[in-house]
4 protein chains.
Amino acid sequence: MLIVMHRDATDAEIRKVMDHIESLGYRAHPIPGSLRTAIGITGNQGSLHRAEFEVMPGVDQAVPVTKPYKLVSREARDERTCVDVAGVPIGAGTFTVIAGPCAVESRKQLFEIAEQVKKAGAHLLRGGAFKPRTSPYSFQGLGEEGLKLLAEARKEFDLPVVTEAMDSEGVKLVEEYADVIQIGARNMQNYSLLKAAGRARKPVFLKRGMSATLDELLMAAEYIYSEGNYQVFLCERGVRTFSMHTRNTLDLSVVPAVQEHSHLPILVDTSHGTGRRDKVPALSLAALAVGADGLMVEVHHEPEKALSDGPQALTPEMFRKLMADLKSMAPLLGRTIES
Amino acid sequence: MLIVMHRDATDAEIRKVMDHIESLGYRAHPIPGSLRTAIGITGNQGSLHRAEFEVMPGVDQAVPVTKPYKLVSREARDERTCVDVAGVPIGAGTFTVIAGPCAVESRKQLFEIAEQVKKAGAHLLRGGAFKPRTSPYSFQGLGEEGLKLLAEARKEFDLPVVTEAMDSEGVKLVEEYADVIQIGARNMQNYSLLKAAGRARKPVFLKRGMSATLDELLMAAEYIYSEGNYQVFLCERGVRTFSMHTRNTLDLSVVPAVQEHSHLPILVDTSHGTGRRDKVPALSLAALAVGADGLMVEVHHEPEKALSDGPQALTPEMFRKLMADLKSMAPLLGRTIES
Amino acid sequence: MLIVMHRDATDAEIRKVMDHIESLGYRAHPIPGSLRTAIGITGNQGSLHRAEFEVMPGVDQAVPVTKPYKLVSREARDERTCVDVAGVPIGAGTFTVIAGPCAVESRKQLFEIAEQVKKAGAHLLRGGAFKPRTSPYSFQGLGEEGLKLLAEARKEFDLPVVTEAMDSEGVKLVEEYADVIQIGARNMQNYSLLKAAGRARKPVFLKRGMSATLDELLMAAEYIYSEGNYQVFLCERGVRTFSMHTRNTLDLSVVPAVQEHSHLPILVDTSHGTGRRDKVPALSLAALAVGADGLMVEVHHEPEKALSDGPQALTPEMFRKLMADLKSMAPLLGRTIES
Amino acid sequence: MLIVMHRDATDAEIRKVMDHIESLGYRAHPIPGSLRTAIGITGNQGSLHRAEFEVMPGVDQAVPVTKPYKLVSREARDERTCVDVAGVPIGAGTFTVIAGPCAVESRKQLFEIAEQVKKAGAHLLRGGAFKPRTSPYSFQGLGEEGLKLLAEARKEFDLPVVTEAMDSEGVKLVEEYADVIQIGARNMQNYSLLKAAGRARKPVFLKRGMSATLDELLMAAEYIYSEGNYQVFLCERGVRTFSMHTRNTLDLSVVPAVQEHSHLPILVDTSHGTGRRDKVPALSLAALAVGADGLMVEVHHEPEKALSDGPQALTPEMFRKLMADLKSMAPLLGRTIES
């Protein structure tokens, strides 16, 4: 933290700020300038709150200089983390594709789609059993029944399973039946849920909140790490802006930004990121090009009948075409898509 | 929903859209225009998904026309709801002030502040026992111990208590010890939590999420209503924008907008809405002037030592001055501040 | 500017940053910490570009500490500026009301409205002669003819006139016919226009851009000041966010923020800020309560026939009621509304 | 436009809305529903203002259904436009690269950079002679002197020149010396400038404003078209959001969205879109992958000495590497990069 004093701050005011810093157990480093004085703070463990200083007389501005996250930062670990999902690597130069329906609707629907995405080359199967819906009157998912169907599909098609948990009991169930515990965008700062996921023994797939900054995303991951679960990978799925031509505004620049500040893998969900299937292929190629570690896309064999988010689901045919395009582009970018 | 066809849509495409509408059990009303055809849909109970139609051949745009919320809408109830919190009315022409520390830190701290805010005229006492903190390394609240202190303070100072719950177990505890269950901004779309609050027997104070639209806020309230709890009041606490001169951008226009579309009371939290105590009084007067049903403000007798959010807490002296200003302004606006 | 080095930056890297600072003619102040070193910079006149340092090896972050504006800052002038518009003071404890139609449409329309707003107590008359319209096919204003009508109305009703200029020639015409040169939100960073306004001899009313930060707004004012025109007052008119219940999101907290950092007066345009006449009165009272120096509102005697923005125009009757409410509230807030 | 009536609207209110529609010369099409009535409007030429209807008694909502742009829309022209810049095609399956310094600083600087970008395969040379700077105290460009240097460089290196104009006089000068008139993001809604560019005889490169929607971008292009200049190509350069890890948030999804709704080519400026050179290559590959018609990037041989925006400029070496990567990827995407 750096405290910048007003141009006309008095010596007494400067002294008072320094005393306050020292009373907190830190060290204060005054830097007199030609126009004004600044005071550096060192010795603090956690991050300080800027407003604590900004309300003191004579203070113009307090400027934070330390990142709040630790375990997930590049400083904590220099090489990039590779998460192992039942034998499927995420990170480490691969490009991993998670595909499947938005929601598990029935055995028939799930198996039909699982078979298709497996054939096309998907590495993991997605499918929601607990669905966070804006309306209480919308389909809320099949619950544990859906998890059982996912577990069956995994066995049948040899596809590890990713599915969302919405509360502590959900975490336990997902941990039991599936391979990856997904935390949705709306729950990115649901700290009870993050802690529960941090105590689970399965990898966690953490989606960025609709208006979460890079720091907040990494702090949410830090919550999971701080409970002892080090198998975490992230997901960009679009942020909320004034821009209305897509459902959300996909922020692909967060991919290299995460890679600069953290060792965690990051995937891109182009289905939620665009909200429209006709935009998914272009943005998916862009996700590979920008350096993402993988992709999550929704696929449905009868999207017009889907119980949720049908309009953003690819048809199996579109998905096959996309996989082929990704596979032809990946080697040029030094990336491997396992098959 | 209105489906607008492309200028050059064929009759077959129009027919197909109408068939699809009818296959869903709704009625389709074609409106031929000079340039293009539009198709109105009626008979649907819930809201339709626009993209479901936008991906059909020949369709240019689908336009939703029905509000997704029902029980909390003005159409469901014409007069404004008044929530009764242990005898304190919220809504119905009063201006209710909730004040207290951000977090309960100790008996001494809580009682000192409670005494001061009671004297100054606050109607309800706030204080966090479970704190949603961005960092896992920050103070997380005293938990049940904090709830017990709040219950004691209520008795001592005759101040009903508002405090946040972060998960289902938290709801049960808060219901037991306090008078109002607060749902924080980060959990506005934590549907497990909303449902748990909907099954509780105490009033719920629901804060708008950082990037929640008006519709999403009302749909979150609808979740609580749909479980049978009709004692809900809302809170604007600032939204996230590019604007950095305050911690959040307080959207006061949502107050008359909520009052237009819903019968629920709405308060304003000017502490989180600004993040800086020197801005709290001006915005609090503006909240009264714009027609809010009340105010939530943080007060701390030693803000520089507060374990969380000290910079946005008013001193007891500032709070007394604010209450006096509110009381002198309220009658001009046809409002009552009980004392 | 403060340069924060990486935790593992080498001595050579630190030395190189210091050499670079000194090669630019500034002074470098190293602050060694327990975890990392920071380097303060002093002696620079203008603001430095943070990325210039952030791309150097070993640098983690560069943090700007000097405000970029000078002449319009509180540091340059301790007392608040009062702008004199043909005898009407703006700032200095008054609350000034600018009212009139969005666009001048005809002599009859303008005079009818001017008479009504004068009677109700408006201090200045607004009316657009040059209209910035999103569509080239919309009514673009009467041009110089409109300015002549405004000049006539000023004489007839003794109301100084505020009207927008969109380019250098427009500035000359507005300067000739009117009392205040308005710069619209879309042109807040049209630097050619700002410079032309800075060379004019009439006061300038500068509206905040749709996504302008506080610093950018003040820098735009600085452009006008830097050309020698010191008669500038500002306007908040809503910013663009994801929030769709009003046309723009009115950011009332920018009022006390401008007053903290600058000596310039700031008004609020609640017509553009809300886009709907039924929301204008509530937000206008809030603008007074938050401490604004005045208000701009659109008034039309036949809003349903207005050639532009009719839906946000108050009727003369609504305006009279609003003026009465403002006048009864102002004294409580220590403000004067001249009549 | 579709007018949705309140559930309890009276027949008289419905009749009044229909009369109003017909008094405007349009046709009204009532659609009675089980819960409420909606009224379609046809026959209008331009777009209607929704609030004009929303303020009428009994009206719940007015929903626009016609796009406001005409000449630049897909409906006006089915095949994609290819702009010819002195023999260099933009659109039509090519991927065009515009490179050069942010600002022209000197003959030496410009020629050094022009030589390098030509060698690496750039198709057009950029360089600012008139610079829109946030601060009046920053370098404002060399003006006409800069344009002369650009004209010289064009001749020497056979590179058509793109440079920005900030006002009508600037348009005349740029038209005289350069090959493309650039309109910057801050001036996207400077209608005087758009009209001046529309009367010029050179192609116009129009950048999206910081908070412009897709519709507003296309309407700005429509202004240029409406004056008779049909040589227009667009540029995505990042929009303003809460997200702070890059200078702006690059919205790559606008590329397929423009291509869906308009026949105009669209490029991506990854220098302004990210603000940091280390992020430029990844986002540039993503721009190609998402389907953009080209790229604008800033290149400087001594970025640390650049008079503006040095931190976002690629070094010539980085640019060569980027061109090579783009060229190897383009064929896979069915695109041509001319050399």
Report task. Would you confirm whether any residue within segment B:313-325 is of a type in the set (A, V, I, L, M, F, W, C) and either touching a Gly at 6+ places or on another chain (Cβ under 6 Å) or closer than 19 Å to residue C:287 by Cα (or both)? Result -> yes
Query raised in the report: Does residue D:58 satisfy the condition of being modelled with pLDDT of 85 or more, of a type in the set (Gly, Ala, Ser) and under 16 Å from residue D:4 (Cβ atoms)?
Result: yes
Query raised in the report: Restricted to segment B:292-314, and to residues that are of a type outside the set (D, E, K, R), in contact with a strand residue (DSSP E or B) (Cβ under 9 Å, 6 or more places away or on another chain) and away from chain A (no Cβ under 14 Å), which residue is farthest from residue B:139 (Cα to Cα)?
Result: B:292
Query raised in the report: Here is a list of conditions, (1) farther than 24 Å from residue D:216 by Cα; (2) within 9 Å of chain D (Cβ to nearest Cβ), and residue C:189 meets all of them except one; can you say which number that is?
Result: (1)
Query raised in the report: So which residues in segment D:315-335 are away from every other protein chain (no Cβ under 11 Å), among the basic types (Lys, Arg) and under 24 Å from residue D:233 (Cβ atoms), if there are any at all?
Result: D:335
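Yes/no matrix, rows are residues, columns are (1) farther than 19 Å from residue B:138 by Cβ; (2) at pLDDT 95 or above; (3) at the interface with another protein chain (Cβ under 7 Å from one of its Cβ atoms); (4) out of contact with any helix residue (DSSP H, G or I) (no Cβ under 6 Å at 6 or more places or on another chain):
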site	(1), (2), (3), (4)
A:164	yes, yes, no, yes
A:214	no, yes, yes, no
A:237	yes, yes, no, no
A:249	yes, yes, yes, yes
Report task. Test residue A:205 against the criterion of being under 12 Å from the mean Cα position of the chain (by Cα) and hydrophobic (A, V, I, L, M, F, W, C), and give yes or no. Result -> yes
Query - Restricting segment A:63-115 to residues that are under 30 Å from residue A:1 (Cβ atoms) and among the aliphatic types (A, V, I, L, M), the residue that is surrounded by the fewest Cβ atoms within 10 Å (Cβ to Cβ) - result: A:76
Query raised in the report: Before we move on, is residue C:173 within 14 Å of another protein chain (Cβ to nearest Cβ), under 26 Å from residue D:184 (Cβ atoms), crowded, with 22+ Cβ neighbours inside 10 Å and at pLDDT 95 or above?
Result: no
**Report entry** Odd one out for residue C:121, checked against (1) closer than 21 Å to residue C:318 by Cα; (2) within 11 Å of another protein chain (Cβ to nearest Cβ); (3) not acidic (Asp, Glu)
**Finding:** (2)
Report summary line: Only one of (1) at positive phi; (2) out of contact with any helix residue (DSSP H, G or I) (no Cβ under 7 Å at 6 or more places or on another chain) does not apply to residue C:58, and that is (2)
Query raised in the report: Condition test on residue C:146, is it buried (at least 17 other Cβ atoms within 10 Å of the Cβ) and on the phi < 0 side of the Ramachandran plot?
Result: yes
Query - Positions within segment D:256-284 being within 15 Å of residue D:205 (Cα to Cα) and facing chain A (nearest Cβ under 9 Å), in sequence order - result: D:258
Report task. Just need a number here: residues in segment A:225-261 that are more than 26 Å from residue D:256 (Cβ to Cβ), more than 12 Å from the chain's Cα centre (by Cα) and surrounded by 24 or more Cβ atoms within 10 Å (Cβ to Cβ). Result -> 0
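Quick check on residue C:292: is it farther than 22 Å from residue C:204 by Cα and buried (at least 22 other Cβ atoms within 10 Å of the Cβ)? Reasoning before the result, please.
Details: farther than 22 Å from residue C:204 by Cα: no; buried (at least 22 other Cβ atoms within 10 Å of the Cβ): yes.
Criteria not met by residue C:292.
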Query - Checklist (1) more than 13 Å from chain A (Cβ to nearest Cβ); (2) crowded, with 20+ Cβ neighbours inside 10 Å applied to residue B:128, failing item - result: (1)
Requested in this report: Return yes when residue A:335 is surrounded by fewer than 20 Cβ atoms within 10 Å (Cβ to Cβ) and not hydroxyl-bearing (Ser, Thr, Tyr) and no when it is not.
Outcome: yes
Query raised in the report: Is it the case that segment D:199-217 has a residue that's of a type in the set (A, V, I, L, M) and farther than 16 Å from residue D:262 by Cβ?
Result: yes
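Might you check whether a residue that is within 14 Å of another protein chain (Cβ to nearest Cβ) and under 30 Å from residue B:197 (Cα atoms) occurs anywhere in segment A:78-88? I'd like the intermediate steps shown before the answer.
So in segment A:78-88, the residues within 14 Å of another protein chain (Cβ to nearest Cβ) come out as A:78.
Filter once more, keeping what is under 30 Å from residue B:197 (Cα atoms): none.
No, segment A:78-88 contains no residue that is within 14 Å of another protein chain (Cβ to nearest Cβ) and under 30 Å from residue B:197 (Cα atoms).
How many residues are in contact with a Phe, Trp or Tyr (Cβ under 8 Å, 6 or more places away or on another chain) and more than 21 Å from residue C:298 (Cβ to Cβ) when one looks only at segment C:262-280? Talk me through it step by step, then tell me what you get.
Residues of segment C:262-280 in contact with a Phe, Trp or Tyr (Cβ under 8 Å, 6 or more places away or on another chain): C:262, C:264-267.
Keeping just the survivors that are more than 21 Å from residue C:298 (Cβ to Cβ) gives C:262, C:264.
Of the residues in segment C:262-280, 2 are in contact with a Phe, Trp or Tyr (Cβ under 8 Å, 6 or more places away or on another chain) and more than 21 Å from residue C:298 (Cβ to Cβ).
The values are calculated or read from the model by the stated rules, or taken from the named source; none is laboratory data. Quantities reported herein were computed from a predicted structural model and do not represent experimental measurements. Quick reminder, even Gly has a Cβ in these numbers, built from the backbone with ideal geometry, and neighbours come from all protein chains shown.
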